[in-house]
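What follows draws every value from the coordinates through simple rules; no lab data is involved. What you see is a predicted model; the values in this text were computed from it and never measured. When we count neighbours, we look across all protein chains shown, and the Cβ atoms used for this are built from the backbone with ideal geometry, even at glycine.
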Amino acid sequence: MADSGEGRRVCGMPEKAQLHVAMLLLQFGYAGFHVVSRLALNMGISKLVFPVYRNIIALCLLVPFAYFLEKKDRPQLTLNFVVQFFLLALCGITANQGFYLLGLDNTSPTFASAIQNSVPAITFAMAAALRIEKVRLDRRDGVAKVAGTLACVAGASVITLYKGPTIFGPSGSGGGGGLELAAVGGDKNWTLGCVYLIGHCLSWSGWLVLQAPVLKKYPARLSVTSYTCFFGVIQFLVIAAFMERDAEAWKFHSGSELFTILYAGFIASGVAFAVQIWCIDRGGPVFVAVYQPVQTLVVAIMASLTLGEKFYLGGIIGAVLIVAGLYLVLWGKSEERARVARDAVSGGDREGLLVAAAAGGGGGGIVRSAGNKAASAATQPLLLPSSTPTDNV
């Protein structure tokens, strides 16, 4: 952890305990987003209108903090930065959230959350392919990261290709639960939905890899996120101009519709973002990522109670493989960080020690190698979701 947690107390609670409580609340907040998003789709909210309103709310929350807190850290905005922010938005907002909603519409909140656990492994694979991350199969940490990545791929494949028999279904659902409606009702397609969710994870991971060099040149995370969110809104509006011309789609027809959008904007993209940044700063990216599977469990319980969701053998097997792969990747990153720290100490390299403390993996963390030294990690600022939301989602 970044801090021992004994020196800072709030209401008598040590910082270490605060971090654990904050992470649990964060997972509940993100889990609620999955369920709320599914409810929004069930109510007929447009898959284009929903992210537009959500990102407008998130932008309104982020801009004041970015403007006042990063005045000294924010470089001058140039055309080159504008292009990079636009591309980040295309990958991390538009494709990320668009694929997520398309996938969720065809599957279920539980399996959308389960597949998201593969993001750290996919990010590692992308970073390795681009030679941002070194793959060392002669060390335990390297083998663990590769094995974890393969397990995540296998898990996602099982969820996509094999549904299997029903393992659990809430009594009284009468075969018309939320999952069954999503899977077989109308023009819904389970396999296609899983493919969309894999596209969501690929977009999310690509965004994490792409933002690493941007943050190195533009070291103002809130500002980068604000610009990304702004261009994401513009892109969704342009798409909506061609594909969502019904004026009624932009109106709220009930308090429930308004609630889902406010929850997505304020909780999933606003409050959750602030809590996650604090937890990453004080606990490190690995600590934050370890809690990710808790979200899947909470989503499963929420979806079962509110949507009557059923659980299938293929989904459970796939989720177990993905979570196992996640922890293998996290363990490998943790071992790598510890090894770099030991090497730095034995070599008397103070700079290497400081870098080793910053380098880490999981939850979107990636390490850039420069010679034998690691550089800083880039972590997911929003879930979307998957945005953040800008995703976790």
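Brief remarks on what is shown
- Within the shell defined by Cβ-Cβ distances under 13 Å, the residues around Pro109 carry a net charge of 0, with Lys and Arg each +1 and Asp and Glu each -1.
- Members of Lys72/Lys216; Lys188/Lys251; Lys47/Lys163; Lys47/Lys251; Lys251/Lys310; Lys188/Lys310 lying beyond 23 Å, as alpha-carbon distances in this model show: Lys188/Lys251; Lys47/Lys163; Lys251/Lys310
- Taking packing as the residue-averaged number of other Cβ atoms within 10 angstrom, the listed peptides 294-307, 326-339 run from highest to lowest as 326-339, 294-307.
- Radius 13 Å from Cβ of Tyr263, net charge of other residues (Lys, Arg +1; Asp, Glu -1): +1
- Taking 23 Å as the straight-line reach from the Cα of Lys16, the lysines in range (excluding those fewer than 8 positions away in the same chain) are Lys333.
- Neighbour net charge for Tyr218 - beta-carbon separation under 13 angstrom, K R +1, D E -1: +2
- For the pair segment 292-352 and segment 37-109, the centres of their Cα atoms are 25 angstrom apart.
- When the Cα positions of Leu313, Trp331, Ile122 are compared along the charge dipole of segment 18-374, Trp331 comes out farthest toward the positive end, with charges on each C-beta of Lys, Arg, Asp and Glu.
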